[in-house]
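Trainee: One structure coming up, written as structure tokens, with questions to follow.
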Amino acid sequence: MMAALAFALPSCESFEETNTNPNGVNKNNITPMYLASVTMVRSSLTADLWQRMINLGTDTFAQYFSNDKYSSNQCVPDDSYAVSYWNESWSWIANLNEAIGLCDTPEEENIKQICRIWRVWVYSRLTDFFGDVPYSQACDPDYTEPRYDSQKDIYYDMLLELAEASAAIDTSMPNNVGAADLLLAGDWAKWKALANTLRLRLALRLTEVDPAKAKLEAEAAAAAQGGFLTDDLTIEKGISVYTSNVGWNLFYPYAHYWSSRLTLSSSMEKILTNLGGVAVEMKDYYQPQYVPEYADPRALIYFNVTSEGTKAAVVTHTETDENGNTIEVVDTDYRGRWQGVKPGYSAAVAAQPDNLNTNHARIGAFFISDDPTPPVTEAPELTKDRAQILVYGNESYFLLAEAALRGYSVGGTAEAYYEQGIRKSMASYGTLINSDDVESYLQSDMKNLMGTSVAFNSADGSDLAGTRNSKLMKIITQKYIAGFPENSFEAWNDYRRLGMPALDPFEMPQPGYVMEPKAMDYKGSLRRYIYPAIEQTLNATSYAQAAAAMGGDNTTSRMWWDARTTVVE
């Protein structure tokens with residue numbers, strides 16, 4: 001198993017030697033499911049890669065959080081991060097290819113199909129980070145410098161792979177993998193549902209560039225046997241699980257904590273404030289002028305009000321009173337606040353007290369502790385055995401809501417799917433959210449600070465575009481909220497595709513990394529990750545062709561599917 005995991009060279013240049021190695025991967029020394037399982041775990045990202053590509057990447061680009069001190073906060077990708085992710089991705093793809101090749105009996109047919117499905121998971125993220133990438137010639141010993149396929153060709157083939165794999169899974173076959181399948185424990189029906197869900201997700205990615213293909217694939221996914229995932233797909237990230245499988249560096253809380261809890265962004269603050277018109281229950285230590293009177297019921301679960309436990313500061317200075325005594329005067333008390341930080345500050349500006357992450361609302365104890373009630377005077381105790389959500393069960397409903405809104409035949413109405421998605425998300429927090437509040441929330445026409453309300457039929461303008469309170473804006477805003485905190489990658493994809501939900505522009509992007517500094521939507525945000533610099537040496541010709549085809553290897557070059565030319569005002 002460990003030998004298989006050693007495949008970590010850029011674009012898999014050295015697989016010929018491996019393929020002729022008598023001690024290499026073969027049916028005598030490894031079974032396909034064990035090779036696939038470890039690959040699936042690692043490709044869901046170790047804590048190290050999660051921090052690099054998600055916390056310091058998509059979490060920031062989608063503004064789920066506002067990080068400080070790191071270059072990606074100013075729209076500058078880090079090449080060392082890109083190298084790590086790029087190299088690891090080829091090792092995962094190579095391992096899945098090996099597992100697929102090892103499946104040569106009827107009893108292993110379903111294993112082959114689930115490996116095909118998960119290979120699409122890996123490739124879809126890789127291409128959506130970088131754009132054109134090696135695909136048809138990747139991890140093939142006959143090609144030491146594989147060409148980069150166009151993203152269009154990659155998407156068309158990924159959709160075909162998902163359709164074929166889903167159809168080929170035989171749910172009547174015995175479960176012959178069980179606990180060896182660390183994702184779905186050999187539940188073939190759920191693997192079908194996952195394939196269909198990913199197919200619908202990828203189909204909707206094409207709405208702005210290839211609407212006919214988007215409709216065709218979305219409707220086919222809805223008609224396919226097996227339905228969609230409606231429960232969260234999770235993977236255990238507990239330290240006890242990983243020390244026995246793939247190492248210590250994966251336990252869950254550090255994906256959202258590290259040296260300090262991740263911080264509310266100004267965009268997320270505006271999106272959640274007033275949304276749904278539900279009154280906030282004020283606590284004794286809250287400063288009411290810094291805590292919204294009305295907010296989405298998930299708002300203060302997602303991010304805790306500042307306190308001693310979140311390291312919020314009290315800024316003071318000394319003065320001399322009329323009796324000559326030295327007294328301490330409070331300048332600013334940052335405790336008891338629920339506020340976010342604007343995106344894209346430089347490290348120096350981010351370190352100022354008014355921008356410091358510890359003086360702003362930070363990720364809730366619900367996500368990092370066994371006790372969802374945040375302590376006031378001390379930091380919550382970290383939980384090391386929490387599962388990571390790979391696909392939210394509510395996502396299917398929002399995907400179907402968008403498809404129905406576009407007029408696709410997907411078996412229901414946009415409004416019904418939309419409300420199902422919201423209810424599914426709210427239910428995730430159990431008794432922390434009152435069921436009566438959910439019903440009033442769904443009927444509320446109170447707009448958040450971005451101009452969007454909840455009630456589906458209290459929309460402005462056309463259904464699909466035009467205003468910040470269109471029906472499509474409502475769907476994508478709720479999908480954005482419901483995918484917190486694990487789904488920032490899809491949130492970033494939606495923002496690139498649609499400019500939704502509305503987000504604040506980056507304050508201080510480095511020159512050349514966005515089209516127009518401080519502009520809204522695609523003009524003021526990072527559109528892709530730059531290829532690892534090492535590709536310019538190891539795969540120079542193919543790299544140069546790919547860079548030219550995309551209009552340059554820079555963060556302003558847009559995905560093939562990122563084709564919109566309008567900005568939602």
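The values are calculated or read from the model by the stated rules, or taken from the named source; none is laboratory data. The shown structure was predicted, so the numbers you read here are calculated from the model rather than taken from an experiment. Don't worry about glycine lacking a Cβ; one is built from the backbone with ideal geometry, like all the others, and counts go over all protein chains shown. Protein only, heavy atoms only, side chains kept; ligands, DNA and RNA dropped before computing areas. Shrake-Rupley method; radii C 1.70, N 1.55, O 1.52, S 1.80 Å.
Trainee: Could you grab the pairs with beta carbons closer than 6 Å, sequence gap of 6+ or different chains, first residue in the range 444-456 and modelled with pLDDT of 95 or more, second one of a type in the set (S, T, N, Q) and not in a loop (DSSP other than H, G, I, E, B)?
Mentor: Asn448/Thr273; Leu449/Thr273; Thr452/Thr477; Ala455/Gln443
Trainee: Separate question: Read through the list (1) more than 25 Å from the chain's Cα centre (by Cα); (2) surrounded by fewer than 20 Cβ atoms within 10 Å (Cβ to Cβ); (3) in a helix (DSSP H, G or I), then give the number of the only condition that Gly551 fails.
Mentor: Here Gly551 meets the rest and fails (3).
Trainee: Another one. Restricted to the range 377-413, and to residues that are among the aromatic types (Phe, Trp, Tyr) and not in a loop (DSSP other than H, G, I, E, B), which residue is most open to solvent (accessible area, probe 1.4 Å)?
Mentor: So, considering only residues that are among the aromatic types (Phe, Trp, Tyr) and not in a loop (DSSP other than H, G, I, E, B), the one most open to solvent (accessible area, probe 1.4 Å) is Tyr397.
Trainee: Restricting attention to the range 351-368, which residues are within 20 Å of Thr316 (Cα to Cα) and either open to solvent by less than 30 Å² (accessible area, probe 1.4 Å) or among the hydrophobic types (A, V, I, L, M, F, W, C) (or both)?
Mentor: In the first step, residues of the range 351-368 are kept if they are within 20 Å of Thr316 (Cα to Cα); the result is 351-360.
Residues satisfying the conditions are Ala351, Asn355, Leu356, Asn357, Thr358, Asn359, His360.
Trainee: Restricting the search to the range 69-84, which residues are of a type in the set (Gly, Ala, Ser), open to solvent by 20 Å² or more (accessible area, probe 1.4 Å) and at pLDDT 90 or above? Step through it out loud before you land on a result.
Mentor: Of all residues in the range 69-84, those of a type in the set (Gly, Ala, Ser) come to 71-72, 80, 82, 84.
When the remaining residues are screened for being open to solvent by 20 Å² or more (accessible area, probe 1.4 Å), the result is 71, 80, 84.
Across the range 69-84, the qualifying residues are Ser80, Ser84.
Trainee: Just one of Lys474, Lys479 is under 27 Å from Ala203 (Cβ atoms), open to solvent by 10 Å² or more (accessible area, probe 1.4 Å), under 23 Å from the mean Cα position of the chain (by Cα) and not acidic (Asp, Glu); which is it?
Mentor: Result of the check over Lys474, Lys479: Lys479.
Trainee: Which of the residues spanning the range 264-321 are out of contact with any His (no Cβ under 8 Å at 6 or more places or on another chain), among the polar types (S, T, N, Q) and buried (at least 19 other Cβ atoms within 10 Å of the Cβ)?
Mentor: Across the range 264-321, the qualifying residues are Ser265, Ser266, Ser267, Thr273, Asn274, Asn304, Ser307, Thr310.
Trainee: On the basis of being more than 25 Å from Asn67 (Cα to Cα), surrounded by 17 or more Cβ atoms within 10 Å (Cβ to Cβ) and either of a type outside the set (A, V, I, L, M) or touching a strand residue (DSSP E or B) at 6+ places or on another chain (Cβ under 9 Å) (or both), does Tyr531 make the cut?
Mentor: Details: more than 25 Å from Asn67 (Cα to Cα): no; surrounded by 17 or more Cβ atoms within 10 Å (Cβ to Cβ): yes; either of a type outside the set (A, V, I, L, M) or touching a strand residue (DSSP E or B) at 6+ places or on another chain (Cβ under 9 Å) (or both): yes.
Spelling it out, it is not the case that Tyr531 is more than 25 Å from Asn67 (Cα to Cα), surrounded by 17 or more Cβ atoms within 10 Å (Cβ to Cβ) and either of a type outside the set (A, V, I, L, M) or touching a strand residue (DSSP E or B) at 6+ places or on another chain (Cβ under 9 Å) (or both).
Trainee: Continuing with this model, one more query. Mind checking which residues of the range 322-349 are surrounded by fewer than 18 Cβ atoms within 10 Å (Cβ to Cβ) and under 29 Å from Gly524 (Cβ atoms)?
Mentor: The answer is Ser346, Ala347, Ala348, Val349.
Trainee: Please determine, by comparing only the residues of the range 443-464 that are under 25 Å from the mean Cα position of the chain (by Cα) and of a type in the set (A, V, I, L, M), which one is farthest from Leu272 (Cα to Cα).
Mentor: The residue in question is Leu464.
Trainee: Now a separate question. So is Ala94 outside any helix (DSSP H, G or I), open to solvent by less than 20 Å² (accessible area, probe 1.4 Å), hydrophobic (A, V, I, L, M, F, W, C) and over 23 Å from Ser525 (Cα atoms) or not?
Mentor: no
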